[in-house]
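Structure first, then comments.
Where a number appears in this text, it was derived from the coordinates with a stated rule and is not lab data. What you see is a predicted model; the values in this text were computed from it and never measured. Here Cβ is always computed from backbone atoms with ideal geometry, including for glycine, and neighbour counts include all displayed protein chains.
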Amino acid sequence: MSAGPVVCIVLGTRPELVKLAPVIRACERRGVDYSLVHTGQHYSRALDGVFFDDLSIPEPDHHLGVGSGSHAEQTGEMIEAVEAVVADEDPEIVVVQGDTNSSLAGGVVASKLPTTLAHVEAGLRSYDREMPEEVNRVLVDHVADSLLAPTERARENLRAEGLPDERIVVTGNTVVDAVREHARVAADRSTVLDDVGVEAGEFLLLTAHRQENVDDPDRFGRLLEGVARYADRVGLPVVYPVHPRAAERIESSGVDVPDAIRTVEPLRYLDFLRLEDDAALVFTDSGGVQEEACVLGTPCVTLRDSTERPETVTVGANRVAGVDPESVVAAAEAMCDRPGDWENPFGDGDAADRVLDALVGSRSESDREVTT
Ligand code: UD1
Ligand code: UDP
């Protein structure tokens with residue numbers, strides 16, 4: 001038996017903080033001994049520190065401070081640093097979430113140490129290997145011992161790749177737990193509508209940060225043009241909280257942001273949730289935002305050529321438009337009047353408990369003291 005904590009949670013980016021916060025809280029509620037390892041992939045306060053505040057996440061036990069770099073530099077440094085911590089802590093289970101380089105690093109390390117590797121949000125597939133995230137999620141799924149799939153469709157994707165049924169448990173997506181826990185607080189406390197000068201139901205929300213969109217100035221320009229064209233047509237402003245990767249590309253490549261689009265700094269979770277809830281329509285290339293819009297009943301247009309969240313399209317919450325301006329406008333026109341009463345395909349908000357049920361059953365810190 002391992003000498004360390006039961007669970008070691010490795011994370012490093014904004015979406016991992018959002019989606020692992022419910023798992024961290026469930027560990028605390030159930031008295032499961034855990035440690036938190038932050039790779040430092042995200043480090044700007046707007047992508048990192050504010051999420052600790054809004055989601056009540058405790059300070060990490062280990063902060064590795066890796067920061068930015070090429071994929072190989074960043075992932076390589078994280079692998080080395082995570083290995084040192086995990087080898088020393090000797091946890092029973094290492095938990096990673098999603099598809100970032102931090103997840104990959106945690107996955108590679110745990111798969112070669114005598115610990116169980118659990119992948120939360122396993123089985124998503126865009127079937128586009130040009131996306132670094134697709135490579136990461138496939139690799140982590142194939143080395144994980146425990147695959148926590150958010151939906152039946154994700155389970156089927158894993159089965160189709162030959163991964164054995166005994167490793168897979170369908171838990172729902174922890175994004176629902178986070179939305180359920182915070183949407184009311186966001187509605188009560190956030191002043192973001194006044195802060196950015198928009199009225200509920202009378203604005204459009206945009207996020208665009210994905211490498212394949214913003215690192216190609218021509219593609220990024222067309223994406224912005226399509227959103228602005230629709231905004232001009234319906235006479236609504238667009239609020240665009242700009243991720244640092246996109247901000248750098250706007251700065252360095254001179255991509256023109258049309259007047260209809262109001263750029264703001266990345267928003268804290270509660271403010272962003274409020275905007276997602278109150279927007280007439282969301283345009284996004286984010287994975288988490290496609291899910292949250294679906295859960296909140298806000299129609300979504302995805303500015304990508306594919307999605308690993310096809311459940312959102314099937315229930316009628318989302319349309320995949322690419323970035324061609326005419327397709328973006330056509331998709332927005334098709335989505336804008338949807339009533340938002342579609343079925344939520346991501347579960348009932350108890351995913352974090354199901355993750356812990358699958359990993360540790362009813363064991364708690366006090367049980368452990370008896371057994372070790
Ligand atoms: C990463 C994930 C992506 C996820 C996104 C969430 C990978 C391969 N990509 O992309 O799947 O959707 O996080 O937001 O893991 N930067 C800052 N401050 C920060 C972090 C980054 O200014 O705190 C800037 C740096 O210039 C950096 C660039 O953003 O080079 C990209 O950061 P990086 O972590 O490499 O990838 P993301 O685009 O954030
Ligand atoms: N988000 C936020 N503020 C913003 C933009 C996004 O709090 O300005 C949150 C959003 O609610 C979601 C998460 O960030 O929970 C999604 O992260 P991101 O789009 O960076 O990554 P992805 O989900 O695409 O991997």
Task: About the Cα centre, charge dipole magnitude for the chain (Lys/Arg +1, Asp/Glu -1 at Cβ), debye - done: 320 debye
- [ ] Please give the calculated 222 nm ellipticity per residue for the chain, where each DSSP H segment of at least 4 residues contributes -39500 (n - 2.57) and the sum is spread over every residue; nearest 500 deg cm²/dmol?
- [x] -14500 deg cm²/dmol
Task: Rel. contact order, % - alpha carbon contacts under 8 angstrom, at least six apart, the chain - done: 17 percent
Open item on the list: I'd like the trypsin sites (Lys or Arg not before Pro) in the range 129-174 restricted to DSSP loop residues with at most 11 other Cβ atoms within 10 Å, sorted by number.
Closed with: Arg129
Open item on the list: How large is the Kirkwood hydrodynamic radius of the range 26-86, counting all unique pairs of alpha carbons, in Å?
Closed with: 12.8 Å
Task: Average Cα contact separation per residue, the range 95-158, under 8 Å, 6 or more apart, as relative contact order % - done: 39 percent
Open item on the list: Amide H of Cys8 versus every other amide H placed in the peptide plane: which residues, excluding those fewer than 5 positions away on the same chain, fall under 5 Å?
Closed with: Ser35, Ile93, Val94, Val95
- [ ] With a ≥ b ≥ c taken as the square roots of the eigenvalues of the C-alpha gyration tensor of the range 1-148, please select rounded if a/c is under 1.5 and otherwise prolate if a/b is larger than b/c or oblate if it is not?
- [x] rounded
Task: Range in the chain, longest, excluding exposed GluC sites (Glu not before Pro) [loop by DSSP; at most 15 other beta-carbon atoms within 10 Å] - done: 203-342
- [ ] Let me know the Rg and Dmax you get for the range 249-372 when you use only its Cα atoms, in Å.
- [x] 19.3, 64
Open item on the list: Checking understanding here: applying a Kyte-Doolittle mean of at least -1.0 and a length along the axis of at least 20 Å (C-alpha), which whole DSSP H helices in the chain pass?
Closed with: 14-30, 71-89, 174-189, 217-234
Task: Per residue Cα convex hull volume in Å³ - calculated over the chain - done: 123 Å³
